[in-house]
Amino acid sequence: MRKKLWALHSWIGLYTGLFIGIVSITGALAVFKFEIDEMLRPDLFFVTPKELPKNINKGINKVLDKYPENNGYRINVPKSEDRTWKVTVFLDDPNSPAKITQEVYLNPYTNTIIGERNMYRSFSFFIRNIHVRLFEGLYGRQWVGFFGILLTISLIISIFLYFDFTKKQRFGQVRSKNNRVKYADLHKFIGLATIVIQLIIAITGTWLGFQPKLEKPMLGHRPGKFIPQEFPIDKTIDQTKTIDYLSVLQATKQNFPDMIPDMISPSKDGSNSVIVFGDIPNMPFERHTNFVVLDKDDYHLLKKFDIRESGIGGHLYYMQEALHFGDFGGIVLKVVYCLMGLICGFLCISGFFIYFKRTEKKRIKRYPLLTTSNIIWGFTITSLLWFVSIGVSSVTLGAIYPTTYFTTPLFYGLIIVYFIYILIRRIKNKSKGTPSNKVKHQIKVTH
């Protein structure tokens with residue numbers, strides 16, 4: 001049984017470690033995607049505070065007048081005096097079937113538009129897209145969920161394998177006999193030391209990957225979701241109706257004083273409502289979980305969702321994203337989660353190193369250039385070039401171009417090439433009279 005567990009752990013790492021490593025390292029970046037975005041574009045996010053802000057209604061209406069053919073919009077409310085307001089407008093793209101999500105930034109002290117951009121060309125969206133779906137446009141999110149399942153299995157197996165290993169060798173004692181042994185010990189001890197958080201990230205990542213496909217058949221809809229039952233006005237009138245956003249925020253404060261408002265989302269379906277999403281500080285739930293629904297005419301309360309009152313089902317559902325990214329406990333917790341992503345990436349790379357170092361002598365007899373060092377450096381440089389090229393094309397042309405014309409074809413192309421390679425090997429083995437199961441013995445157990 002132990003040998004079978006070793007083999008399964010090794011095979012998962014060898015054949016999916018590349019993808020798990022990419023998802024892990026980009027996840028480390030995704031933890032700080034908002035901070036990175038603000039660092040790269042401070043001109044969009046920050047303003048110099050003045051004594052009295054202007055009536056923000058005029059600034060928001062100025063944006064809506066600029067884009068009268070919008071398909072809806074939402075407004076992000078600043079949390080401090082030196083921040084801009086953001087109006088996100090949803091538009092059709094006249095040049096392609098894709099949609100445009102235009103982010104327009106307002107100076108609340110002058111009501112002027114200080115900048116705007118297509119969200120799909122932002123660096124933060126690039127980071128999110130590569131982590132959540134590997135820039136694969138068809139089933140990328142489900143592929144990431146599948147890799148989450150394999151990572152979870154691999155981590156659980158490692159508990160049984162490596163805790164038994166610590167009975168023979170003191171925990172934390174790293175042997176320096178050679179690089180293979182040293183990295184094997186580091187792989188084991190670092191993996192064991194971080195196993196709990198790694199499991200939390202892997203399990204929640206699995207659910208988030210399959211959530212779009214499983215949520216409706218399993219739950220119907222997310223807990224507390226507002227589903228309007230009445231549609232008293234025409235959709236066109238609803239979408240263009242004038243709103244006093246300051247009154248909306250005032251009514252929100254009266255009805256839900258513990259919630260810090262973050263996003264205002266007016267209706268466009270004829271329900272004559274406006275939803276204000278927000279957060280309760282220091283609670284382990286995903287952003288925009290709490291909300292109030294107000295009537296557009298007099299801003300009286302139609303519905304309120306307080307996560308604290310949602311019961312165990314709501315708590316479990318809305319914990320998943322927060323526990324996956326660690327964005328509920330301040331900068332310290334974010335740093336911890338970032339380190340966990342980097343550590344998982346290290347575990348994948350060190351696993352590769354251990355395997356290739358173990359098989360190096362036999363390999364370089366046939367292929368002298370395929371030393372372990374050359375393979376690891378080749379993988380690292382290729383991954384960086386891929387990351388940079390996808391990033392540049394994403395922020396300049398938009399995410400749809402690299403997804404459609406490069407990453408998705410490449411992803412499935414590599415899978416097809418791999419299966420062709422396996423098929424050819426099986427045919428060769430049969431022609432030589434070599435049992436195919438001998439391949440399994442190429443992965444040896446490292447003690």
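The values are calculated or read from the model by the stated rules, or taken from the named source; none is laboratory data. Worth saying up front: this structure is predicted, and the values here are computed from it rather than measured. Cβ placement follows ideal geometry from the backbone for every residue including glycine, while neighbour counts extend to all protein chains displayed.
Considering each of Ser394, Ser350 in turn, give the residue that is assigned to a helix (DSSP H, G or I) and at pLDDT 90 or above.
Among Ser394, Ser350, only Ser394 is assigned to a helix (DSSP H, G or I) and at pLDDT 90 or above.
Looking at region 375-386, can you tell me whether even one residue there is farther than 30 Å from Ile195 by Cα and of a type outside the set (A, V, I, L, M)? Quick ask: steps written out before the conclusion?
Here is the first cut: in region 375-386, the residues farther than 30 Å from Ile195 by Cα are 385.
Checking the rest, the ones that are also of a type outside the set (A, V, I, L, M) come to none.
No, that holds for no residue.
Filter region 61-85 down to residues that are over 10 Å from Pro108 (Cα atoms) and touching a strand residue (DSSP E or B) at 6+ places or on another chain (Cβ under 9 Å), then give me how many there are.
15
What about Arg74, is it basic (Lys, Arg) and farther than 20 Å from Thr403 by Cα? Step through it out loud before you land on a result.
On the way: basic (Lys, Arg): yes; farther than 20 Å from Thr403 by Cα: yes.
Judged against the criteria, Arg74 is a match.
Which of the numbered conditions does Phe34 fail, given that it passes all the others? Conditions: (1) closer than 27 Å to Pro281 by Cα; (2) crowded, with 18+ Cβ neighbours inside 10 Å; (3) aromatic (Phe, Trp, Tyr).
Here Phe34 clears every test but (2).
Considering only region 215-232, state which residues are surrounded by 11 or more Cβ atoms within 10 Å (Cβ to Cβ) and touching a residue at least 12 places away in the same chain (Cβ under 8 Å).
Of everything in region 215-232, those that are surrounded by 11 or more Cβ atoms within 10 Å (Cβ to Cβ) and touching a residue at least 12 places away in the same chain (Cβ under 8 Å) turn out to be Leu219, Arg222, Pro223, Gly224, Phe226, Pro228, Phe231, Pro232.
What number goes with the only condition from (1) outside any loop (DSSP other than H, G, I, E, B); (2) touching a residue at least 60 places away in the same chain (Cβ under 8 Å); (3) touching a Ser or Thr at 6+ places or on another chain (Cβ under 6 Å) that Ile114 does not pass?
(3)
Filter region 303-318 for residues that are out of contact with any Gly (no Cβ under 8 Å at 6 or more places or on another chain) and surrounded by 19 or more Cβ atoms within 10 Å (Cβ to Cβ) and give the result.
Matches in region 303-318: Tyr317, Tyr318.
Could you say whether any residue in region 112-134 is surrounded by fewer than 17 Cβ atoms within 10 Å (Cβ to Cβ), in contact with a Lys or Arg (Cβ under 9 Å, 6 or more places away or on another chain) and within 30 Å of Gly17 (Cα to Cα)?
Looking for residues that are surrounded by fewer than 17 Cβ atoms within 10 Å (Cβ to Cβ), in contact with a Lys or Arg (Cβ under 9 Å, 6 or more places away or on another chain) and within 30 Å of Gly17 (Cα to Cα), one finds at least one in region 112-134, hence yes.
Residues being in a helix (DSSP H, G or I) and free of Cβ contacts under 8 Å to residues at least 40 places away in the same chain: count how many of those fall in region 38-58. Write out each step before concluding.
Let us first name the residues in region 38-58 that are in a helix (DSSP H, G or I), namely 38-40, 42-45, 56-58.
If we keep only those that are free of Cβ contacts under 8 Å to residues at least 40 places away in the same chain as well, we get 38-39, 42.
Final tally of qualifying residues: 3.
Table: residues versus (1) surrounded by fewer than 18 Cβ atoms within 10 Å (Cβ to Cβ); (2) closer than 19 Å to Leu150 by Cα; (3) hydroxyl-bearing (Ser, Thr, Tyr).
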{"residue": "Thr194", "(1), (2), (3)": "no, yes, yes"}
{"residue": "Lys213", "(1), (2), (3)": "yes, yes, no"}
{"residue": "Asp234", "(1), (2), (3)": "yes, no, no"}
{"residue": "Lys241", "(1), (2), (3)": "yes, no, no"}
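Could you count how many residues in region 75-111 are part of a strand (DSSP E or B), of a type in the set (S, T, N, Q) and at pLDDT below 90?
0
Being touching a helix residue (DSSP H, G or I) at 6+ places or on another chain (Cβ under 7 Å) and either farther than 16 Å from Leu134 by Cβ or modelled with pLDDT of 90 or more (or both): is that true of Leu342 here? Outline the logic, then answer.
Working: touching a helix residue (DSSP H, G or I) at 6+ places or on another chain (Cβ under 7 Å): yes; either farther than 16 Å from Leu134 by Cβ or modelled with pLDDT of 90 or more (or both): yes.
Yes: the conditions hold for Leu342.
So which residues in region 43-54 are under 16 Å from Thr112 (Cα atoms) and out of contact with any Pro (no Cβ under 8 Å at 6 or more places or on another chain)?
Hits for region 43-54 are Asp43, Leu44, Phe45, Phe46, Thr48, Pro49, Lys50, Leu52.
Considering only region 402-436, state which residues are farther than 25 Å from Phe356 by Cα, at pLDDT below 85 and either touching a Leu at 6+ places or on another chain (Cβ under 7 Å) or outside any helix (DSSP H, G or I) (or both).
Listed by number, the list holds a single entry, Gly433.
Test each condition in (1) among the aliphatic types (A, V, I, L, M); (2) out of contact with any strand residue (DSSP E or B) (no Cβ under 8 Å at 6 or more places or on another chain); (3) in contact (Cβ under 8 Å) with a residue 40 or more places away in the chain; (4) within 24 Å of Asp65 (Cβ to Cβ) for Ile264 and report the one that comes out false.
Tallying (1) among the aliphatic types (A, V, I, L, M); (2) out of contact with any strand residue (DSSP E or B) (no Cβ under 8 Å at 6 or more places or on another chain); (3) in contact (Cβ under 8 Å) with a residue 40 or more places away in the chain; (4) within 24 Å of Asp65 (Cβ to Cβ), Ile264 fails exactly one: (2).
Examine region 273-288 for a residue that is over 30 Å from Ile20 (Cα atoms), crowded, with 19+ Cβ neighbours inside 10 Å and small (Gly, Ala, Ser), and state whether such a residue exists.
Looking for residues that are over 30 Å from Ile20 (Cα atoms), crowded, with 19+ Cβ neighbours inside 10 Å and small (Gly, Ala, Ser), one finds at least one in region 273-288, hence yes.
What about Val439, is it modelled with pLDDT under 90, in contact with a Phe, Trp or Tyr (Cβ under 7 Å, 6 or more places away or on another chain), aliphatic (A, V, I, L, M) and surrounded by fewer than 14 Cβ atoms within 10 Å (Cβ to Cβ)?
no
Is it the case that Gly145 is in a loop (DSSP other than H, G, I, E, B), closer than 22 Å to Ile25 by Cα and touching a residue at least 12 places away in the same chain (Cβ under 8 Å)?
Against the criterion (in a loop (DSSP other than H, G, I, E, B), closer than 22 Å to Ile25 by Cα and touching a residue at least 12 places away in the same chain (Cβ under 8 Å)), Gly145 does not qualify.
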